[in-house]
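Novice: Structure incoming, see below.
Values quoted throughout were computed directly from the atomic coordinates according to the rules given, and no laboratory measurement underlies them. Computed from a predicted model, the values in this text were never measured in an experiment. Cβ coordinates were reconstructed from backbone atoms using ideal geometry, including for glycine residues, and neighbour counts include every protein chain displayed.
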Amino acid sequence: MPLVKVRRSGQITLPTRLRKVLGLAAGDFVEVSLTQENALLIKPSFQAERRTIDAAAKAITQELVKENRVHPVKEVSEAELEAMIDVAKQRVFERHYAKSF
């Protein structure tokens, strides 16, 4: 477990590896809370999650282009789109999270 220093202003620097695993970039917000065990819990906020969703949407679009579907929204049913989103989310997770640990 990495050791971080609390600065005079109360700031901490998250190690690069953890920022990559969480998908955090400069300017992102995180939610900070205290657990019952007095442990600090830091979770990415909507902005970091939004980039993951955007990456999933891009992956879906690329898959649709490979299949020669020019207008994916018009040609794909809601169930098909949800299934593709699930696959893309899994791929994003595997690329960004699974290999980090």
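Novice: Would you mind getting me the FRET efficiency between Thr13 and Asn68? Use the beta-carbon distance for r and R0 = 41 Å, nearest 0.05.
Specialist: My answer for the efficiency is 0.30.
Novice: Provide the per-residue ³J(HN,Hα) series for the stretch 21-30, in order, calculated from phi with Karplus coefficients 6.51, -1.76, 1.60 and θ = phi - 60°, each as a whole number of Hz, with x at glycine and proline positions.
Specialist: 4, 7, x, 8, 10, 3, x, 6, 9, 10
Novice: If I stretch the segment between Ile85 and Ala39 completely, what's the gain in nm (0.36 nm per residue apart, minus their alpha carbon distance), one decimal?
Specialist: Between Ile85 and Ala39, full extension yields 13.2 nm more.
Novice: Whole-Hz ³J(HN,Hα) for each residue in the stretch 12-19, computed from phi via Karplus 6.51 cos²θ - 1.76 cosθ + 1.60 with θ = phi - 60°, x for glycine and proline: what do you get?
Specialist: Values per residue, Gly and Pro as x: 10, 10, 6, x, 3, 4, 5, 4 Hz.
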